[in-house]
1. Consider residue 38 carefully, then state whether it is over 25 Å from residue 177 (Cβ atoms) and within 23 Å of the chain's Cα centre (by Cα).
2. Would you confirm whether or not the stretch 79-97 contains a residue that is touching a strand residue (DSSP E or B) at 6+ places or on another chain (Cβ under 8 Å), touching a residue at least 40 places away in the same chain (Cβ under 8 Å) and not in a loop (DSSP other than H, G, I, E, B)?
3. For the stretch 274-288, what are the residues that are over 16 Å from the mean Cα position of the chain (by Cα) and either closer than 14 Å to residue 255 by Cα or not in a helix (DSSP H, G or I) (or both)?
4. Right, residue 48: surrounded by 14 or more Cβ atoms within 10 Å (Cβ to Cβ) and either in the same structural domain as residue 175 (by TED's automatic domain parsing) or in a helix (DSSP H, G or I) (or both) or not?
5. Which count do you get for residues in the stretch 221-260 that are touching a strand residue (DSSP E or B) at 6+ places or on another chain (Cβ under 8 Å) and without any contact (Cβ under 8 Å) to a residue 24 or more places away in the chain?
6. What number of residues within the stretch 46-65 are under 19 Å from residue 6 (Cβ atoms) and touching a helix residue (DSSP H, G or I) at 6+ places or on another chain (Cβ under 9 Å)?
7. When the stretch 223-264 is examined, which residues are found to be exposed (fewer than 13 other Cβ atoms within 10 Å of the Cβ) and part of a loop (DSSP other than H, G, I, E, B)?
8. Six or more apart or on different chains, Cβ under 9 Å: which pairs go from a residue in the stretch 53-77 that's in the same structural domain as residue 31 (by TED's automatic domain parsing) and free of Cβ contacts under 8 Å to residues at least 12 places away in the same chain to one that's part of a loop (DSSP other than H, G, I, E, B) and surrounded by fewer than 14 Cβ atoms within 10 Å (Cβ to Cβ)? Could you list them?
């Protein structure tokens, strides 16, 4: 038994398959390559080739992920899913006889309810005054997240050409390169129009007039496409500015978009389409949020539900 000199080739061939045949997103490719590289290092330390892995080796690796590393259950499950897919591909192409990860179970996962921003807090966020172009960009970004329910990666990938302002909508490219339209409310549309007027001047002032970055809707401080790390820094800055005691992230605006729609009696199928979920089971997590909110309203409003007050009103 020895290290397979072709391990890297097998991994790169699989990554190429994901990109060219499965058309997975760039972020998914990065995650898969990361997971496979970690596994290759695990095998190299033990002198095991990629094509020599047994179910016992797979179990040892799974155990090392669960017990020996500080990974969250969702991360462990993703890594194991990556390896199941990798070996399924090898088996399909006749490079392995069996999938050593076929029966490896992941770490138990308890799905947390999405964190939601209240409508009152959303009003504060969307009403932040701006005094320069970057402040305007931040306000536009917050409005776009809440108006469309886009994922961070989707909004950062948007180009000016994807805007259809006459129809108050935006074309986004979601997971698996699935396209969908999301919609702009009148207030967001007006802000975007104002932003576009200043965007061209700002970008030209930084010499960004050609290339992919020249088409980007959301710009960084140097006129190029805004990065994910910059977005997280912006959110943290405003969290402190607003004095928010909870976390404040792009995905929380997406959660709030979905929950507030369901609170206003939007059908779950409509929300599924707007969020770009392939399966409605993913969208159903938001119904649990609204049930919790209904219980909260009940306990604070119904005479028998107001637990503290009811106890205080009990006769001796």
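1. Working: over 25 Å from residue 177 (Cβ atoms): yes; within 23 Å of the chain's Cα centre (by Cα): yes.
Yes: the conditions hold for residue 38.
2. Taking every residue of the stretch 79-97 in turn, none turns out to be touching a strand residue (DSSP E or B) at 6+ places or on another chain (Cβ under 8 Å), touching a residue at least 40 places away in the same chain (Cβ under 8 Å) and not in a loop (DSSP other than H, G, I, E, B).
3. Going through the stretch 274-288, the residues over 16 Å from the mean Cα position of the chain (by Cα) turn out to be 280-281, 284, 287-288.
Across the stretch 274-288, the qualifying residues are 284, 287, 288.
4. Numbers: surrounded by 14 or more Cβ atoms within 10 Å (Cβ to Cβ): yes; either in the same structural domain as residue 175 (by TED's automatic domain parsing) or in a helix (DSSP H, G or I) (or both): no.
No, not satisfied.
5. Taking the stretch 221-260 first, the residues touching a strand residue (DSSP E or B) at 6+ places or on another chain (Cβ under 8 Å) are 224-226.
Keeping just the survivors that are without any contact (Cβ under 8 Å) to a residue 24 or more places away in the chain gives 224.
Residues that pass the stated criteria total 1.
6. We begin by selecting, within the stretch 46-65, every residue under 19 Å from residue 6 (Cβ atoms); these are 46-54, 57.
Next cut, touching a helix residue (DSSP H, G or I) at 6+ places or on another chain (Cβ under 9 Å) only: 46, 48-53, 57.
The total comes to 8.
7. 227, 243, 245, 246, 247, 264 - these are the residues of the stretch 223-264 that are exposed (fewer than 13 other Cβ atoms within 10 Å of the Cβ) and part of a loop (DSSP other than H, G, I, E, B).
8. Short answer, once both residue conditions are applied: 60/46; 72/109; 75/69.
The values are calculated or read from the model by the stated rules, or taken from the named source; none is laboratory data. Quick caveat, the model's predicted, so the values are computed rather than measured. Quick reminder, even Gly has a Cβ in these numbers, built from the backbone with ideal geometry, and neighbours come from all protein chains shown.
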